[in-house]
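The values are calculated or read from the model by the stated rules, or taken from the named source; none is laboratory data. This is a predicted model, so every value here is computed, not measured. Every residue, glycine as well, gets a Cβ built from its backbone with ideal geometry; the counts of neighbours run over all protein chains shown. All accessible areas refer to the heavy atoms of the entire protein, side chains included, with ligands and DNA or RNA removed. Shrake-Rupley method; radii C 1.70, N 1.55, O 1.52, S 1.80 Å.
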Amino acid sequence: MYDFAPASAADKPTLYADLLSAADALTAGEWDPVANMANLAALLWQFLPDLNWAGFYRMVDDELVLGPFQGKPACIRIPIGRGVCGTAAATQQTQLVADVHAFPGHIACDADSASEIVVPVLHEGSMIGVIDLDSPVPARFDSHDAHGLEALAARIAARID
Ligand code: SME
């Protein structure tokens, strides 16, 4: 039904520009947050190479609760301040982790994960959740990923709240 395919061998800024357009088109006009997060998780999984997990944790009653994702089953609840996700939520800052084993309190949901990026999603000044990507490749994520995912979070925040 939807044919959003990344251009092969695109550089990262081009890849994220295309991802942003696809995410925008995919969620435009749909108000259901679960449907939108589900499609966005699938889109991230399709567009970004070398991932073993891609999805959302949502802020629910002051903790992070698992949302739509692609990858292996994951831990369901993460207290604010714990692990990479909880740190991103507590600080409202993107967490770029080159080596998850070196991150204090990292929560290992999938033993294959070597590196991780977690981007907070804010809507009207409130933390509503995080985007979490894991990779089996050490140091998979860089500042291009951080900027691309932060732009994505800003674009889709109202559609997943
Ligand atoms: N590694 C995360 C937990 C979530 S899984 O990666 C899907 C963390 O430390 O918060």
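Count of the stretch 40-61 residues, restricted to those that are open to solvent by less than 60 Å² (accessible area, probe 1.4 Å) and not in a strand (DSSP E or B), is 9.
Would you confirm whether any residue within the stretch 39-52 is aromatic (Phe, Trp, Tyr), closer than 29 Å to ALA139 by Cβ and over 16 Å from the mean Cα position of the chain (by Cα)? Within the stretch 39-52 (the criterion being aromatic (Phe, Trp, Tyr), closer than 29 Å to ALA139 by Cβ and over 16 Å from the mean Cα position of the chain (by Cα)), the answer is no, since none of the residues qualifies. If you go through the stretch 115-160 and pick out every residue that is under 15 Å from LEU64 (Cα atoms), away from the ligand (no atom under 16 Å from the Cβ) and under 14 Å from the mean Cα position of the chain (by Cα), you end up with 3. The residues listed here are PRO13, PRO33; of these, the one that is open to solvent by 50 Å² or more (accessible area, probe 1.4 Å) and either touching a helix residue (DSSP H, G or I) at 6+ places or on another chain (Cβ under 9 Å) or free of Cβ contacts under 8 Å to residues at least 40 places away in the same chain (or both) is PRO13. All conditions but one from (1) surrounded by fewer than 16 Cβ atoms within 10 Å (Cβ to Cβ); (2) at pLDDT 95 or above; (3) within 14 Å of the ligand (Cβ to nearest atom); (4) not charged (D, E, K, R) apply to GLY105; the one that does not is (2).
LEU64 satisfies every condition listed in (1) over 20 Å from ALA154 (Cα atoms); (2) open to solvent by less than 60 Å² (accessible area, probe 1.4 Å) except (1). No other residue among ASP112, ASP99, ASP3 is within 15 Å of the ligand (Cβ to nearest atom), of a type in the set (Asp, Glu) and modelled with pLDDT under 95 apart from ASP112.
The residues on offer are ALA28, ALA23, ALA10, and the sole one that is away from the ligand (no atom under 16 Å from the Cβ) and under 17 Å from VAL119 (Cα atoms) is ALA23.
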